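Student: The structure is given below, and queries will be raised subsequently.
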Amino acid sequence: MTGPVIEAVGLTKRYGRQRGVDDVAFEVVEGEAFGFLGPNGAGKTTTIRLLLGYLRASGGTARVFGQDAFRDAPAIHGRVSYLGSDPGFLGELTGAEQLEYLARLRGLARRAWRPLTERLELDPTIRIKRLSRGNRQKIGVVAAFMGHEPLLVLDEPSSGLDPLMQREFLALCAEARADGRTVFLSSHNLIEVERACDRVAIIRDGRIVEVSAVGDLMGSHWRSINLVLAAPPPPEAFELPNVEVVAMTGREVHLMVRGDVNALLAQIATHRVEDIAITTPDVEDLFLRLYRDDAPGAASRSTEEVPA
Amino acid sequence: MTAFRLELRRCRSLAIWLAVALAAYGAIMGVMYPVLKSNDALMTEYMNTFPKEFLAAFGMTGLLSDPGVFFTTYMASWLWPIIATAAALLLGTRAVAADLDRGFLDLPLATPISRARYLATNIAAQAVVLALLAASAVLGLWLTAAATGNVFDLGGYAAAGVLAFAFACAIAGPTTLLSVTTLSRGRTAGIVGGVIFGMYAVFVVTQISKDWAWIAPISAWDHFRTTALIDEGVVPVGDLALFAVIAVAGWLGAAWAFRERDLAA
């Protein structure tokens, strides 16, 4: 495979007057884990349905393994393992029957699911309608990872899994990558994407707002600075270029700084500092900041607390 | 075959219960047949108190003891259309509209099976179940009548079973097409139920009032004439062909629409 595994160019989907996604563009290369972040309703699932050929694009192109996502869907699906956010398994089947059905349609060996049900401690003999949501989601995880297709498309795969199983899920993702498989992981779980992915695209209101390496997004662009000063500073004390005042409560100041930090350090030095903590913002800080940029009242965010 | 086997499995309960209901009803009617036959003159005298047109509207166009009239009156004119419509709605709307709504459809369609092939497995399962139900409708009555010493012409009854099957398929084909185009089980059921009821009303009206006879061909009941088929051996080739064309056109249209359309729940 020489070209990208997934290639979206100007991908647009409209439902009448309603927006689906607009001018979405990104590439996923072979062997990488690509995160797709966005809140509910941002267009994540619509993008995935376009990539899997469930929806026909209103504009632009979606290509997977160099083939047209809609027209060549069956051929593409032979090389893709997909797990939807809320798979509607048939309640009257047992887990084993459901997994065997999917395994056969995918041309996998009989009982290909067996090692994973044991690993995830899932009893496959129970009818699905009697399983908890978490155990149903385990069936989805088993279905996604039981084959060896070169591309995994996972749409909010760990929702409903307990923390131990989420860790197991991340381990499965890592093993898939070690096998050279490509992972496309859609999520609003920031920690999950941070741990599993190399690059991330952030989608908001149907548009991609940023595509970047996870490390770049979290590290080189922004720093979080928490100060405790000897006396409360004047409100305008840290109104500097590239500096964002996240919160200022009495003597405590929470700042975000991007790029050159010298001007800020010089300003800090004019105050008596009792404590300082400089950290890389976690992806959640980043996410909230990106989502607030155009929100009404964004200018007043200096008085708001951003959860860490 | 995997998808087809699962389709059949998912139809199992529906098929068994409807088949048992049809066979049981047919058996009850079959047990009643000797009573009707031994009281033929009395029954005829009673029936003559009703206008002929009124009786024709319910399939009674001769002696009730005639095997064809008996089958038409007690099975073909009311129970079979109801069961066939119910089965066609449940089966024809499940694979796309219902399974998309419940989130199941994404699973098989994420595998290398094409949409058209996947729908074809559902259509094949529809045909198998409708054939089973048609056989139950005919055999329950025929076997019980035979057990009471009244052996009807098996060829005539088998042909009536084939016509009943074709009638049901002619409902199932367009139902499947509507299910794919609307992606809604409720809307499909409303439209199909309304059309079927409308066609029955048209048939009743056209039998009662000859002024409206010209409109009769738009009703499926006008093409579902089992009396002449059983009692006179008249094979309604044209009606069979008409049902077959409607069924196949509906199913092919559904496969084409399914291949081309968006799947957004």
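Bear in mind that the values in this text are calculations on the coordinates, not laboratory data. Owing to the predicted nature of the structure, the values given are computational and were not obtained by experimental measurement. Positions of Cβ are generated from backbone atoms using ideal geometry, with glycine treated the same way; all protein chains shown enter the neighbour counts.
Student: Out of residues 5 or more away from A:Leu55 or on other chains, whose amide H comes under 5 Å of its own, with H placed 1.01 Å from N in the peptide plane?
Tutor: Result for A:Leu55 returns A:Leu50, B:Leu263.
Student: Next up: Compute the signed sum of charges (Lys and Arg +1, Asp and Glu -1) over the other residues within less than 14 Å, Cβ to Cβ, of A:Pro241.
Tutor: In short, -3.
Student: Next question, about the same structure. Report the charge-dipole magnitude of chain A in Debye, nearest 20, computed about the Cα centre from +1 at each Lys and Arg Cβ and -1 at each Asp and Glu Cβ.
Tutor: In total the dipole reaches around 1360 debye.
Student: Where nothing but the Cβ of Lys and Arg (+1) and of Asp and Glu (-1) is charged, how large is the charge dipole of chain B around its Cα centre, in debye to the nearest 20?
Tutor: Roughly 980 debye for chain B.
Student: Sorted by packing (mean other beta-carbon atoms within 10 Å per residue), highest first, where do B:228-235, B:167-174 land?
Tutor: B:167-174, B:228-235
Student: Based on C-alpha coordinates, I'd like the Rg and Dmax of the stretch B:119-214, in Å.
Tutor: Cα only, the stretch B:119-214: 17.2, 50 Å (Rg, Dmax).
Student: Next question, about the same structure. Among A:Gly35, A:Ile48, A:Ala75, whose Cα projects farthest towards the positive end of the dipole of the stretch A:1-96, with charges put on the beta-carbon of Lys, Arg (+1) and Asp, Glu (-1)?
Tutor: The listed residue farthest towards the positive side: A:Ile48.
Student: Which far-off residues, 5 or more places away or on another chain, put their amide H under 5 Å from the one on A:Val29, with H placed in the peptide plane?
Tutor: Residues meeting the criterion, in which the H sits 1.01 Å from N, are A:Val5.
Student: Which ³J(HN,Hα) values, rounded to whole Hz and listed in residue order, are derived for the stretch B:42-59 from phi using the Karplus coefficients 6.51, -1.76 and 1.60 in 6.51 cos²θ - 1.76 cosθ + 1.60 with θ = phi - 60°, glycine and proline given as x?
Tutor: These are the phi-based 3J(HN,Hα) values: 5, 5, 5, 4, 5, 5, 5, 6, 9, x, 4, 5, 5, 5, 4, 4, 10, x Hz.
Student: Once the Cα gyration tensor of chain B is diagonalised, what are the square roots of 5 times its eigenvalues, in whole Å and ordered largest first, as equivalent ellipsoid semi-axes?
Tutor: 37, 21, 14
Student: Separate question: For the protein assembly as shown, with only Lys/Arg (+1) and Asp/Glu (-1) charged at the beta-carbon, what is the dipole magnitude about the Cα centre, in debye rounded to 20?
Tutor: Using only the charged Cβ atoms, the result is roughly 1200 debye.
Student: Mind checking which of A:His271, A:Val245, A:Leu227 is farthest towards the positive end of chain A's charge dipole, using Cβ charges of +1 (Lys, Arg) and -1 (Asp, Glu) about the Cα centre?
Tutor: A:Val245
Student: Pop out the ³J(HN,Hα) list for the stretch A:116-127 in order, Karplus 6.51 cos²θ - 1.76 cosθ + 1.60 with θ = phi - 60°, rounded to Hz; leave Gly and Pro as x.
Tutor: Values, residue by residue: 6, 5, 5, 5, 8, 6, 10, 7, x, 8, 8, 5 Hz.
Student: To test your reading of the geometry: what angle, between 0 and 90 degrees and rounded to tens, separates the Cα axis of helix A:133-145 from the longest principal axis of chain A?
Tutor: The angle comes out near 70 degrees.
Student: When 1/r is averaged over all different Cα pairs and the result inverted, which Kirkwood radius in Å belongs to chain A?
Tutor: It works out to 21.5 Å.
Student: With angles folded into 0 to 90 degrees, how steeply does helix B:115-147 sit against the dominant principal axis of chain B? Use alpha carbons for both and round to 10.
Tutor: Tilt of helix B:115-147: around 20 degrees.
Student: Residue by residue through the stretch B:239-246, which ³J(HN,Hα) values in whole Hz follow from phi under the Karplus form 6.51 cos²θ - 1.76 cosθ + 1.60 (θ = phi - 60°), with glycine and proline marked x?
Tutor: Taking θ as phi minus 60°, the curve returns 5, 4, 5, 4, 4, 5, 5, 4 Hz for the stretch B:239-246.
Student: What three numbers, in Å, describe the spread of the alpha carbons of the protein assembly as shown along their principal axes, ordered from the longest?
Tutor: Largest to smallest, the principal-axis extents are 118, 52, 42 Å.
Student: Which of these, B:Pro217, B:Pro67, B:Pro236, has the largest mean-square fluctuation under a Gaussian network model of chain B (Cα springs below 10 Å)?
Tutor: Highest fluctuation of the listed residues: B:Pro217.
Student: Sorted by packing (mean other beta-carbon atoms within 10 Å per residue), highest first, where do B:91-99, A:121-129 land?
Tutor: Top of the packing list down: B:91-99, A:121-129.
Student: If you don't mind, there's one more thing I want to ask. How far, in degrees from 0 to 90, does helix B:2-38 lean away from the longest principal axis of the Cα atoms of chain B, to the nearest 10?
Tutor: 10
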